[in-house]
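Contents: one structure, followed by commentary.
No lab work stands behind these numbers, since they all come straight from the coordinates. Predicted model, so just to flag it, every value in this text is computed and none were measured. So basically every Cβ, Gly included, is an ideal-geometry build from the backbone, and we count neighbours across all protein chains shown.
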Amino acid sequence: MHRFGYAFLLADADNTLFDFPAGERLALKETFKTHGLPTDEATLLTYHHINEALWRRLERGETSPAELRVRRFAELLAVLNLAEARSAAQIAESFVQALGRQAIMLPGAERAVRRWAARMPVAIVTNGIASVQRARMARSPIADCVAALIISEEVGAAKPDRRMVDAALDALGCADPRRALLLGDSLEADIAAAANAGIASCWFNPGRLPNPTAPHPTYTVASLDEVDALLG
């Protein structure tokens, strides 16, 4: 379908609209300080390596959100030799609450979403923990612009599983997938999810990174302002 035929926009949340690294850093430092863990860069980097590996496993269907939520801190405590002295479950709960208070948006994201929402229904389609994502969205300046919030923990599947896209289309009342466009920063999660569901995709690639392998997005943009032209 011609690009001007799009009538529904599906958008990823973190690193597409929200500055997740900034919010995560604040939440981690608050949580680590509360539980007496180091807040130095080396500890934060160790956590990131552990967390990213677990999220890749989640996207492959090899773990669950509930397991990921606690296991990332259990593995960190093991590395720090604090497994016997701290509770990974308690740290996980503190972090979830702290992260839910973070809703820092990328530059220009709020204005962009408001423009898009004035033209068509916008759904946020995000891999994440439901309590965190719903709390962040409620605090965000775009809460009134979002027609549907689709979260992997609630769907029971994570992008790139097409069930995430199908849930968004159902929530928006989109009967023709050709009229929907999915915007996201991750080739492996967002663009692959769009391909699996048979809808058009737009890769948000502000770093202008190369894409030598599949999946190939329908469009690529370096700024959110460029998305407007694709919507007609």
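Observations, loosely collected:
- The stretch between Ala85 and Ala222 holds 44.7 nm of extra length on full extension. This uses 0.36 nm per residue minus the Cα-Cα distance.
- Options Ala7, Thr39, Ala214, ranked by Cα towards positive dipole end of the chain, top entry (Cβ charges): Ala7
- Whole-Hz Karplus values for region 9-17 come out as 10, 10, 10, 5, 9, 6, 6, 10, 10 Hz, taken residue by residue from phi with 6.51 cos²θ - 1.76 cosθ + 1.60 and θ = phi - 60°; glycine and proline positions read x.
- Rounded to 10°, Cα long-axis angle of helix 162-172 versus longest principal axis of the chain: 60
- Relative contact order of the chain, defined on C-alpha pairs under 8 angstrom at six or more residues apart (%): 25
- Here Ser223, Ser140, Ser131, Ser186 are placed in order of increasing Cβ neighbour count within 10 Å, fewest first, which gives Ser223, Ser131, Ser186, Ser140.
- Plainly put, region 21-100 has a radius of gyration that is 0.94 times its Kirkwood radius, both from alpha-carbon atoms, as the Rg/Rh ratio.
- For Leu106, residues with placed amide H under 5 Å, excluding near neighbours: Phe18, Asp19
- For region 187-198, backbone phi angles converted through the Karplus equation (6.51, -1.76, 1.60; θ = phi - 60°) give residue-by-residue couplings of 5, 6, 9, 6, 5, 5, 5, 4, 4, 5, 8, x Hz, Gly and Pro being listed as x.
- Annotation: amide H of Leu183 within the under-5 Å range of Leu10, Ala11, Asp12, Cys202, sequence separation 5 or more or interchain, hydrogens built in the peptide plane.
- Relative contact order [Cα under 8 Å, 6+ residues apart], region 64-135, whole percent: 36
- Simple Cβ-charge dipole of the chain, Lys/Arg +1 and Asp/Glu -1, about Cα centre, in debye nearest 20: 300
- Of all the options Glu153, Glu188, Glu41, the one that moves most in a Gaussian network model of the chain with Cα springs shorter than 10 angstrom is Glu41.
- For region 117-162 and region 13-57, distance of Cα centres in Å: 20
- Relative to the dominant Cα principal axis of the chain, helix 88-100 is inclined by about 40°.
- Helix-only arithmetic for the chain: the sum of -39500 (n - 2.57) across DSSP H runs with n ≥ 4, divided by the residue total, places the mean residue ellipticity at 222 nm at -13500 deg cm²/dmol.
- The base-10 log of I(q)/I(0) for region 175-232, evaluated at q = 0.14, 0.28 Å⁻¹, reads -0.34, -1.20 [Debye formula, identical scatterers on Cα atoms, solvent excluded].
- Long-range HN-HN contacts of Thr220 with modeled amide H, under 5 Å: Trp203
- Ranking of Cys145, Cys174 by count of other Cβ atoms within 10 Å, fewest first: Cys145, Cys174
- Applying Stokes-Einstein at 10 °C and 1.306 mPa s to the Kirkwood radius of the chain, computed over alpha-carbon pairs, gives a translational diffusion coefficient of 87 µm² s⁻¹.
- J(HN,Hα) series, region 38-43, from Karplus relation 6.51 cos²θ - 1.76 cosθ + 1.60, nearest Hz, glycine and proline x: x, 10, 6, 4, 5, 5
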